[in-house]
Structure formats: structure tokens, C-alpha cells
Amino acid sequence: MDRFIGVILICLNTVAPEACDEATAADVLANEVRSELDCTMGWQEVISRSALRNEVGRTAYVKTLCHRVRERKEGPLPR
């Protein structure tokens, strides 16, 4: 079964949404989730632990991504 990594990007307002990615984000937070739907849920709690939490909605915005991690034939990927 495939795993998913939910990625939360905090990008400055000076970065266009289409240009906001892991390389251009001011902060990147990620965790393993059970499904693609879970990639978009629970980010508020994760953001509250970011040093930039007070800037979201003022000078920064949040963007979420979901990465599928396919299982290898030999077994799961090492952690």
C-alpha cells in the first residue's frame, strides 16, 4: 500500500502561489499521513508550531501538497 507525505508550505506574500514550492517556501513542514485526503487536514495544528505562525494571513500564506511514496517490491522504504 502506498504512503503519503503531507507537505505544508509557508510562503511569503511576495512569492506567487504557482511559484510556492519546497525550494521557495520560507518554511516547510511535512509528516506522514494515511491518505491523500489527510494531506489537507490538520495543518492548523502543525502551523501553530512554526516560527512563522504569526505571519500567516499577514505577510505569508499556506499551501499544502501531497506526495505519494510508492512501496518498493522488496518491502517498505527505510525510515
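Each value in this text was obtained by applying a stated rule to the coordinates, not by laboratory testing. Remember, it's a predicted structure, so these values are computed and weren't measured experimentally. Don't worry about glycine lacking a Cβ; one is built from the backbone with ideal geometry, like all the others, and counts go over all protein chains shown.
Computed extension gain for Ser48 through Met1, at 0.36 nm per residue and net of the alpha carbon distance, reaches 13.9 nm. Each Lys or Arg adds one and each Asp or Glu takes one away; over the other residues whose Cβ falls under 10 Å from the Cβ of Glu36, this sums to 0. Between the entries (1) 1.04; (2) 0.98; (3) 1.01, the label attached to Rg/Rh (Cα atoms, Kirkwood Rh) calculated for this structure is (1). Please report the antiparallel percentage of the DSSP beta bridges confined to the chain, to the nearest 5. In the chain, approximately 95 percent of DSSP beta bridges are antiparallel ones.
For Leu12 and Thr64, a Förster radius of 22 Å and the Cβ-Cβ distance give a FRET efficiency of 0.85, rounded to the nearest 0.05.
Couplings for region 17-29, taken from phi via the Karplus curve 6.51 cos²θ - 1.76 cosθ + 1.60 with θ = phi - 60°, read x, 6, 9, 6, 8, 4, 7, 9, 6, 6, 8, 10, 10 Hz in order; Gly and Pro are left as x. Electrostatic tally near Lys63: other residues with Cβ closer than 12 Å to its Cβ, Lys and Arg +1, Asp and Glu -1, net -4. Take each peptide in 17-23, 36-42, count the other Cβ atoms within 10 Å of every residue, and average; sorted highest first, the result is 36-42, 17-23.
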